[in-house]
Structure formats: C-alpha cells, structure tokens
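For reference, the structure is listed below as structure tokens.
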Amino acid sequence: MTNIDLYKDINKIVNVGIADIKYASTPMHLRTNLGSCVALIMYDKTMQLGGMVHVMLPKAFKNEAKVGKCADTAVPEIINNMTKKMHCKSKNLVAKIFGGAKMLASATNDIGKKNAEVVVKLVKEHGIRIHTIKTGGTKGYVVQLDTETGIVMCRIFGQEIEFF
Amino acid sequence: MSKNVLIVDDATVVRLLLRSVLERNGFNVVGEAANGNEAFAKYKELSPDLVTMDITMPEASGIDGLKMILGFDPQAKIIMITAIDQRKYLLEAIKSGAVDYIVKPFEDDRVISALEKALA
Amino acid sequence: MSEQELKVIEMISRMSIDRASQVFSKTIKAGSKIEIVRFQRVDISEISEEVSKEDKEATGAIVQLSGEAPTKLLFIVNLKDALKLTDLFLRREIGETKAFDIYVESTIQEIGNILASSIANVFAKGFNVEMSPEPPVVLSDYSSSIFNTVLMDEDYLTDNKILLVETKFFVVRTAFDCMLFLMPSVEATKVLLERSFANNFS
C-alpha cells in the first residue's frame, strides 16, 4: 500500500528507501540516496508540500506489488496522489529528477540511463513542468528536499554540494 | 644465480606483497601480470624460470593462463596461489600441469619452500 | 521458506562466516571475529531506508559467487578504516597509508576475494555445491549507494524481500567500521536446502 500520510514531525528527515514513495510538508525534509536508481521529486510551493519516489527499474513486471519500484507505475502514482488526494494543482507542481548513475563500469545494460529517460518522458506526458534534470555519471547521489523552500540539496559522491 | 619469477594476480597489493617476499628470499621478479592473457604474453616475452598464478582474475582466469603457457612451453613451472580451496580446482590445476597449489592467505615460508622445491 | 528451512540456511551461513572470520584474521595477521548481527528476510525499501540513515563515505567490494547457488557478497569499509586495513594487509604500521590510492582499492578487492572464496569453499565442501567467486568489483561511494547497487537484482528477491546475512567485524586492539553482507539468491536457498537434506543435515 502506498503511504500517503504526511510527515509533520519537526526536526525529522524522512528517508525514502528503494521503491518507496513518501510525502511531506513543511518543515520536513525528504531525503534519499541513489546509485542507478532515480529520484523523482514533486513539489508544490503554494502548499509547501513535496513527494519523492525512489525508482529502481524502468518497467514493471506483471503483478508488481510496489508501485514505486518501476517508473511506469511510480510516475502516475505520485502525480495522481499529489493532484487528486492531496489536491495540488498540476500548474503548481514542479518536478526535479536526480540519479541514474552507471555504478558498475562493466555493466552492458545502463539501467540508470534508462530509468532517467523513462521518468523524464512520463513526467512530460503528464504535463508537469520539469525544473531540474541532474542525472547520469558514475557516482552515487544524496538528494534532500526542503519542503519549506522547495530547494533540493544534491551531492554527488566526491563533488561539491549543489542546490536546485 | 637468482631465479626469475613472473607474478600473476589481479590484485596490485598481492603482487606487491609477493614481490617483497620473493625478493627478500633471493628471487628475481622479472614481471607481473593481472590476468591469464597478460600472463601468457609476459611469459613469452620474459621466459621466467617460474610463474606464480592466481585463479580468480578478469578476462582470462589463472586456469586459462596455466593452460596457455603449458601449451606453449610444456616445461613451464607454474605454482597456483589462490583463495579457492576446492578439490575441483586443485585437480584441474594439477591435471593441467601446475607443480603446486597454495591457498591464500599464504604463509611466506610455504611460498618460498614451494618455489625452491619446484626449481630444484 | 519454512522456519525450519530458514534455520538450516542460517546454520550454513554461520559456518561459512566462521570460516571467513578465521581467514580474515590470517589475512590481516590480527585476531578478529566476524559476527552475524542479522539473519533475516528484509524488505528492500525498509533495508535501503535503514542503510541510508547511517550513510558514510565507503569503499566496498562486490563479489558474485557463481555456480549452482548464486550468492552475492558485499564487503564494505568506511574510507578511513580502509587505509588501516591496507597497512595491516601490507604488514605495515597502522598510519602509514595516508590517502586513498590504488593500494587501498586493491586491498579491499583482495579481502573481498579472500572472504568470498572462503565462503564458497565451505559451501562447496560441506554441501557439495559448485560455487566459485567472480573477480570482485570495487566501488568507492556512499555506503548506501553501494548497498543499493547490490540490491538491484530481481533474481535475489521474493515479494521484494531479500535474505540478508549482516555481520560486524571485531578486531583486537583496533576499531574497524566494516561489514560483510551475504545475499543468497532465491535459487541458492533452494539448492542449499536440497543439498543439506540430501546430506542428512537435518
């Protein structure tokens, strides 16, 4: 079952695991750590409300129980939950997309790149404005959304912190 | 005269450690290789008196390297030094012509005595 | 998997980790003990969330044990402690290695190989299972990014859960922040159970 409860505890960072979707409002922060997975962050600045999904694969197998695991089920789920259940207006929502690294140099299948491509394509198809696409590379990402400001802190391993 | 040895292992630190043990004991390390293919090329180029050969390596394993070298020079002396302690691998190495089989983590004395015995 | 079957896999894992523990001590020439701190089928979302809370800069060796019982092994060390391990491996005074370099990377690669091989040796001898390690892949990254990379394999998941054997290392007179994770595939647990009962292990 998708957890659509809002996290409101003060001084608490909400960590988002693989294949998980979580939502939070100010003053909470949503945080995750990525390798070849992709984080789709959705933010509504009028409501100071954010959602984050940690996508592992581009396409779901039959009967996949975790809707957040694969891009083709995860992207519609987070958008629908935010627009229909949390009453965000589509025009107020922005998407920020991170991750999708090629962690294993020897891997012939660049799953990270595919994850990022499918997430971007599906977000566009839903008519949501994309603010940031920061994907690729060969190192892991830490990303953290501050739901008060909508700013995402991103640090790629071995690099300086950036804000988007 | 000191004997020439070729060290084959994909781990730089193992090559470094073995080099130091062998040189301390009067052997001359003439070259290093990181997989079976490189080992074969270096063997042809350097004609060492003995080869120490790891098994688990990328591209071509130590068993592949052993077979290539012995196919080229049936008199080659090759000692396997590997973390794999399994009958199947031991038998394959010995049947293919390895002169000894040492399991990692190795004791220096065991390596030196195996080399001396092989070269006697 | 029934409780009884899970117990059998746990016993096999304990035997292999005990062997890895002896081999590790011999490798670094220091008394050490690897202890299993968790043996559990864990949900991938929950475990990755848990790991990300303790995130640190680390280096890890991922080893695929191939053969009849495919299993993944992850040996992961905090970057600072990887320097100490390199000194021990190369039989130097702790503190000589000052920065991450090819020797540190290679030490983690080789320790990953030695630990994986020792575990494969126990499985092969004790349970008549054909099993051998592939060359390790070494990653320096966030510990959770490395961990997540190992989780990304459907062959290891049942209902999005993975069987996880988590260990901690205790080394005499030296504090080390390193861990070993063993993850048998769905196929591996099946084969290990069959062979265990065939060997009257029950």
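Values computed for the structure shown
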{"item": "Kyte-Doolittle at least 0.5, axis length at least 20 Å by Cα - qualifying DSSP helices, chain C", "result": "C:102-127"}
{"item": "Lysines whose Cα lies under 17 Å from that of A:Lys69, excluding same-chain neighbours fewer than 8 positions away", "result": "A:Lys22, A:Lys59, A:Lys113, A:Lys114, A:Lys121, C:Lys161"}
{"item": "Between segment B:11-29 and segment C:116-174, the Cα center-to-center distance that results, in Å", "result": "30 Å"}
{"item": "13 Å reach of a label modelled at C:Met1, 7 Å along Cα-to-Cβ, counting backbone N of segment C:126-158", "result": "C:156-158"}
{"item": "Heavy-atom accessible surface that C and B bury in contact, both chains counted, 1.4 Å, Å² to 100", "result": "2100 Å²"}
{"item": "Equivalent ellipsoid semi-axes - Cα gyration tensor, chain C, angstrom", "result": "28, 19, 14"}
{"item": "Drop in accessible area of at least 10 Å² in the complex versus isolated chain, residues of segment B:68-92, 1.4 Å probe", "result": "B:Ala83, B:Ile84, B:Asp85, B:Gln86, B:Lys88, B:Tyr89"}
{"item": "Shielding by other protein chains, A:47-56, mean Cβ within 10 Å", "result": "1"}
{"item": "Whole-Å distance, taken between Cα centres, linking segment A:118-164 and segment B:31-106", "result": "48 Å"}
{"item": "Segment C:27-117 - Rg and Dmax from Cα coordinates, angstrom", "result": "14.9, 42"}
{"item": "Gain upon complete extension [B:Ser96, B:Ser47; 0.36 nm per residue less C-alpha separation]", "result": "15.7 nm"}
{"item": "Dipole magnitude (debye, nearest 20) for chain A, charges at Cβ of Lys, Arg, Asp, Glu", "result": "280 debye"}
{"item": "Antiparallel bridges, percent of DSSP beta bridges restricted to the protein assembly as shown (to nearest 5)", "result": "75 percent"}
{"item": "Whole-percent carbon and sulfur share, accessible surface of the protein assembly as shown, 1.4 Å", "result": "50 percent"}
{"item": "Centre separation in Å (Cα based) which lies between segment C:3-36 and segment A:16-44", "result": "36 Å"}
{"item": "Three-way shape label, the protein assembly as shown, alpha-carbon gyration tensor, a/c 1.5", "result": "prolate"}
{"item": "For segment A:10-94: rounded, prolate or oblate by the Cα gyration tensor [a/c cutoff 1.5]", "result": "oblate"}
{"item": "For peptides C:114-124, C:145-155, C:11-21, A:101-111, sequence by mean Cβ density within 10 Å, most packed first", "result": "C:114-124, C:145-155, C:11-21, A:101-111"}
{"item": "Prolate/oblate/rounded label for segment B:47-120 (Cα gyration tensor, a/c 1.5)", "result": "oblate"}
{"item": "Percent RCO, i.e. relative contact order, over chain C, from Cα pairs under 8 Å lying at least 6 residues apart", "result": "33 percent"}
{"item": "Mean ellipticity per residue at 222 nm, deg cm²/dmol - from DSSP H runs of n ≥ 4 across the protein assembly as shown, formula -39500 (n - 2.57)", "result": "-11500 deg cm²/dmol"}
{"item": "Cβ charges +1 (Lys, Arg) and -1 (Asp, Glu), total dipole of segment C:3-198, debye", "result": "980 debye"}
{"item": "Cα-projected label distance for A:Lys121 with A:Asn63, points at 7 Å along beta-carbon direction, nm", "result": "2.7 nm"}
{"item": "Cα→Cβ-extended label distance, 7 Å offset, between B:Arg110 and C:Lys161, nm", "result": "4.1 nm"}
{"item": "Under 18 Å from C:Lys7, Cα to Cα: aspartates and glutamates that are on another chain or at least 8 residues apart", "result": "C:Asp18, C:Glu35, C:Glu166, C:Glu187, C:Glu194"}
{"item": "When each of A:Lys45/A:Lys102; C:Lys29/C:Lys56; A:Lys102/A:Lys134; A:Lys134/C:Lys53 is checked by Cα-Cα distance, pairs over 25 Å", "result": "A:Lys45/A:Lys102; C:Lys29/C:Lys56"}
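The values are calculated or read from the model by the stated rules, or taken from the named source; none is laboratory data. What you see is a predicted model; the values in this text were computed from it and never measured. Neighbour counts are summed over all protein chains in view; Cβ atoms, including those assigned to glycine, are modelled from backbone coordinates with ideal geometry. Note: areas computed on protein heavy atoms with side chains; ligands, DNA, RNA excluded. Shrake-Rupley method; radii C 1.70, N 1.55, O 1.52, S 1.80 Å.
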